[in-house]
Structure formats: C-alpha cells, structure tokens
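The values are calculated or read from the model by the stated rules, or taken from the named source; none is laboratory data. Just so it is clear, the structure is predicted and the values come from calculations on it, not from any experiment. Using ideal geometry, Cβ is built from the backbone for each residue, glycine included, and neighbour counts are taken over all protein chains shown.
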Amino acid sequence: MLKIRLSMGGVRKRPVYKIVIADSRYPRDGKFIEKIGSYNPLLPKDKKERIKVEAERVKYWMSKGAQPTLRVSRILGEAQIMPMPKPGNNPNKAIPKKERKKAGTESKEEPKAEAKKEEPKAEAKKEEPKAEAKKEEPKAEAKKEEPKAEAKKEEPKAEAKKEEPKAEAKKEEPKAEAKKEEPKA
C-alpha cells in the first residue's frame, strides 16, 4: 500500500523531514518512490520555507491510491492542499501519566457498580405497574418478589466474604511449605 509520509533527516536536535511516497512496508528512512516536499518543524509557522510541497504530485499520487499519514494530512491541510482532518479526542492527555491509571480504574469500576444497583430497581418498578393494573392480590405478590431480590443481593456478598478467608489461607500455606524445605537443604 502506498503512503505519503515523513522521512526523517537532519542532525541531532535539528530534524528536517522529507515528504515522500513510499510503500508502507519500507522502513521510515529507507527506500522511497518519490520525494514530493519537505517540512522543517524548527521554523516559525508563518514562514513560507517551513512547508514545501508539490501540490500537483500530491494530487496525482492520491489519485493512484496513496494514503497520507495523520501528520502529513495535517501538513497538507495547513498548506490548503486537502481539508484538515478533524482533531482527535483524548481526554486523558491533560492528566499526568501516573494519575491516569488510578483515574481509569476508578471510573471503570463505578459505572459497573451503579448499573448493578439500578437493574433490580428497574425490574421492581416494571413489576409494580403490571400489578396495579390487575387486582390487589398481584400487588402483594410483587411486594413478596422484591425482598427475594434483595436477599439475592446479600447472598453474593456473603459468598465473597467466605471466599476471601480461603484465599488468605492458600497464601499462607506456600509460605509454610517454603519454611519446611529450607531446613532440609
């Protein structure tokens, strides 16, 4: 697949890029088909020499199926050769990296817990209107079903508490075995 991409050149701390047409399988700075422009990020944005592009060649290669990379499409958008791509949405970009993991896990856990709590309530609400439409006896049945649902909620919690001591016991057992093996050696 043909790509319109940047090929790095220049020296350390002074990059200069060539805008090239290359096969996507070739290395970044390796073999390319044609050089169609250059990009110098160190120059100010208002200077004309910052971006040099042969617009006719870009249009020709795009008609042949070459796809620009995201960075090149932005450069071509600045040069007004093609429309600017819409900006991406990364809400975590402003958060420091160490805090991203903490914020990400908390936000994932909370919606799940809220969804579980809301589901039984929604079911109970659905049952009650049906019961109201019928005689008074079905209302009593709907009320009986609600405590059962609450009891079911409590049972998994109790099971989880039972499993925790077992897990702790398993953790302690390997330590004891390791201590027994040390005197033998």
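A few points about this structure:
- The criterion of being in contact (Cβ under 8 Å) with a residue 24 or more places away in the chain and among the aliphatic types (A, V, I, L, M) does not hold for Val11.
- First in the range 29-48 and without any contact (Cβ under 8 Å) to a residue 40 or more places away in the chain and within 20 Å of Val11 (Cα to Cα), second anywhere and of a type in the set (A, V, I, L, M) and loosely packed, with under 13 Cβ neighbours inside 10 Å, Cβ under 6 Å, 6 or more apart: Asp29/Met8
- Residue check for Glu54: of a type outside the set (Val, Ile, Thr) and either surrounded by 10 or more Cβ atoms within 10 Å (Cβ to Cβ) or in contact with an Asp or Glu (Cβ under 8 Å, 6 or more places away or on another chain) (or both): yes
- Any chance Lys35 is at pLDDT 95 or above and of a type in the set (Lys, Arg): yes
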